[in-house]
Amino acid sequence: AQTVTQSQPEMSVQEAETVTLSCTYDTSESDYYLFWYKQPPSRQMILVIRQEAYKQQNATENRFSVNFQKAAKSFSLKISDSQLGDAAMYFCAYEDSGTYKYIFGTGTRLKVLA
Amino acid sequence: GAVVSQHPSWVICKSGTSVKIECRSLDFQATTMFWYRQFPKQSLMLMATSNEGSKATYEQGVEKDKFLINHASLTLSTLTVTSAHPEDSSFYICSAKGAGTEAFFGQGTRLTVV
């Protein structure tokens with residue numbers, strides 16, 4: 001069965017600095033999707049970025065980028081120029097290509113310090 | 001991105017009564033919908049997967065007779081918590097997936113059973 005591990009329960013970053021959130025996963029599949037979601041205090045799940053496993057190029061969305069290492073099964077999220085509005089819970093998720101189920105990590109709470 | 005509307009946002013009900021939560025995809029056809037439960041400061045736990053016109057598939061440990069899921073159309077799925085008890089109090093989130101897209105999440109429903 002697939003698993004997703006986020007080893008950092010909480011991270012802090014100074015405003016305008018860069019922070020990297022870690023995520024590792026385990027799967028025997030070769031084609032799949034990975035996601036990072038942000039959950040602010042409103043608890044609305046917001047898609048930050050997604051990566052298709054067959055694409056070697058790392059996904060980028062403005063200040064958010066990933067470091068996807070398929071062989072190592074690692075999928076870290078880099079947030080550049082951190083802003084106060086980036087403070088939230090961040091969940092890494094794996095999509096099972098057969099059932100479309102999402103397997104979520106335990107989350108990382110990001111604090112942004114002014 | 002696509003919009004998924006979940007209603008109500010919060011509900012308080014008396015112990016022993018039933019409560020229904022709706023999840024609607026507003027601008028796309030959702031072939032698959034998912035229901036999650038989230039405890040405070042924890043990750044999302046998948047309860048069940050529903051496909052339009054067929055019976056929901058429940059995750060291990062989820063009581064299908066307590067959590068009734070109906071997916072009668074390509075834009076609507078409902079979760080009914082039957083004979084609710086205080087231990088059913090939680091945050092419930094739905095997500096909807098169309099063909100070839102990622103899943104989009106509703107705003108969530110905070111259920112309090114008193």
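Report the Cys residues of the protein assembly as shown lacking a disulfide-compatible partner, meaning no second Cys Cβ under 4.7 Å from their Cβ.
B:CYS13
Among the trypsin sites (Lys or Arg not before Pro) within segment A:1-70, which fall in a DSSP loop and have no more than 14 other Cβ atoms within 10 Å of their own Cβ?
When the trypsin sites (Lys or Arg not before Pro) of segment A:1-70 are filtered for loop state and at most 14 Cβ neighbours within 10 Å, A:LYS55, A:ARG63 remain.
Whole-Hz ³J(HN,Hα) for each residue in segment A:97-114, computed from phi via Karplus 6.51 cos²θ - 1.76 cosθ + 1.60 with θ = phi - 60°, x for glycine and proline: what do you get?
6, x, 9, 6, 5, 9, 10, 9, x, 7, x, 10, 8, 9, 10, 10, 9, 6
List every residue whose amide H lies under 5 Å from the amide H of A:THR5, counting only residues 5 or more places away in sequence or on a different chain, with H placed 1.01 Å from N in the peptide plane.
Those qualifying (amide H under 5 Å, at least 5 residues apart or on another chain) are A:THR24, A:TYR25.
Below 8 Å between Cα atoms, with a sequence gap of 6+, how large is the relative contact order for chain B in percent? Don't jump to the answer; show the numbers that get you there.
Details: 295 pairs, mean separation 42.8, N = 114.
Value for chain B: 38 percent.
If the viscosity is 1.567 mPa s and the temperature 4 °C, what translational diffusion coefficient in µm²/s does Stokes-Einstein give for the protein assembly as shown when Rh comes from Kirkwood over Cα pairs? Let's see the in-between values first.
Details: Rh = 18.2 Å.
Roughly 71 µm²/s, to the nearest whole number.
With a 10 Å Cβ neighbour count serving as the proxy for reagent exposure, in which order, fewest first, do A:VAL112, B:VAL4, B:VAL62 appear? Write out the running numbers ahead of the final one.
Working: A:VAL112 20, B:VAL4 26, B:VAL62 17.
Taking fewest neighbouring Cβ atoms as first place, the list is B:VAL62, A:VAL112, B:VAL4.
Count charges around A:ARG50 for me, please; just the other residues with Cβ under 12 Å from its Cβ, Lys/Arg as +1, Asp/Glu as -1.
Details: positive: A:LYS55; negative: A:GLU52, A:GLU61, A:GLU95, B:GLU102.
Around A:ARG50, the surrounding residues sum to -3.
Per-residue mean of other chain beta-carbon atoms within 10 angstrom of the beta-carbon, peptide A:41-48?
Values: counts 0, 3, 9, 6, 12, 2, 5, 0.
Average per residue, whole number: 5.
So what are the ³J(HN,Hα) numbers for segment B:25-33, from phi and the Karplus equation (6.51, -1.76, 1.60; θ = phi - 60°), rounded to whole Hz, Gly and Pro as x?
3J(HN,Hα) across segment B:25-33, in whole Hz: 8, 7, 9, 7, 8, 9, 6, 9, 10.
Pull out a ≥ b ≥ c, the square roots of the eigenvalues of the alpha-carbon gyration tensor of chain A, then state rounded if a/c is under 1.5, prolate if not and a/b is larger than b/c, and oblate in the remaining case.
On the way: a/c = 2.00, a/b = 1.64, b/c = 1.22.
Cα axes put chain A in the prolate bin.
Modelled label-to-label distance, B:THR17 and A:ARG109, 7 Å Cα→beta-carbon offset: nm?
If labels sit at B:THR17 and A:ARG109, their model points lie 3.3 nm apart.
What nm value, rounded to one decimal, do you get for the distance between A:ASN62 and A:SER74 when each label is placed 7 Å out toward the C-beta?
Between A:ASN62 and A:SER74, the label points sit 2.8 nm apart.
What are the ³J(HN,Hα) couplings of segment B:99-114, residue after residue, when phi is run through the Karplus curve with 6.51, -1.76, 1.60 and θ = phi - 60°? Round to Hz, x for glycine and proline.
5, x, 10, 7, 7, 10, 9, x, 6, x, 10, 8, 9, 10, 10, 10
How many nm is it between the label spots at B:SER83 and A:ALA1, if each spot is 7 Å from the Cα in line with the beta carbon?
About 2.7 nm, to one decimal.
Take B:LEU111, B:LEU76 and order them by how many other Cβ atoms sit within 10 Å, fewest up front. Each step should come with its number before you reach the end.
Values: B:LEU111 21, B:LEU76 17.
Taking fewest neighbouring Cβ atoms as first place, the list is B:LEU76, B:LEU111.
Just for the Cα atoms in segment A:1-56, what are the lengths along the principal axes, largest first, rounded to whole Å?
Sorted from largest, the Cα extents of segment A:1-56 read 37, 23, 21 Å.
Rank the residues B:ILE93, A:ILE103, B:ILE21 as a footprinting-exposure proxy: fewest other Cβ atoms within 10 Å of their Cβ go first.
On the way: B:ILE93 26, A:ILE103 19, B:ILE21 23.
Exposure proxy ranking, most exposed first: A:ILE103, B:ILE21, B:ILE93.
If you look for lysine pairs in chain A that are eight or more places apart or on different chains, how many of them have Cα atoms under 19 Å apart?
Here the count comes out as 9.
Just tell me how shielded A:99-106 is by partners: mean number of partner chain Cβ atoms within 10 Å of each residue's Cβ, no decimals.
On the way: counts 5, 9, 8, 9, 3, 7, 2, 3.
The shielding value for this peptide is 6.
For segment A:47-114, what is the convex hull volume of its Cα atoms per residue in Å³?
Working: hull volume 6.7 nm³, N = 68.
Normalising the Cα hull of segment A:47-114 by residue number yields 99 Å³.
Below 14 angstrom from the Cβ of B:GLU87, what's the summed charge of the other residues (Lys, Arg +1; Asp, Glu -1)? Don't skip to the answer; put the middle values down first.
Numbers: positive: B:ARG37, B:LYS66; negative: B:GLU63, B:ASP88.
My count for the surroundings of B:GLU87 gives 0.
Coordinate-derived values only; no laboratory data. Because the structure is predicted, anything quoted here is derived from the model rather than measured. Glycine gets a Cβ as well: all are built from the backbone with ideal geometry, and neighbour counts include every protein chain shown.
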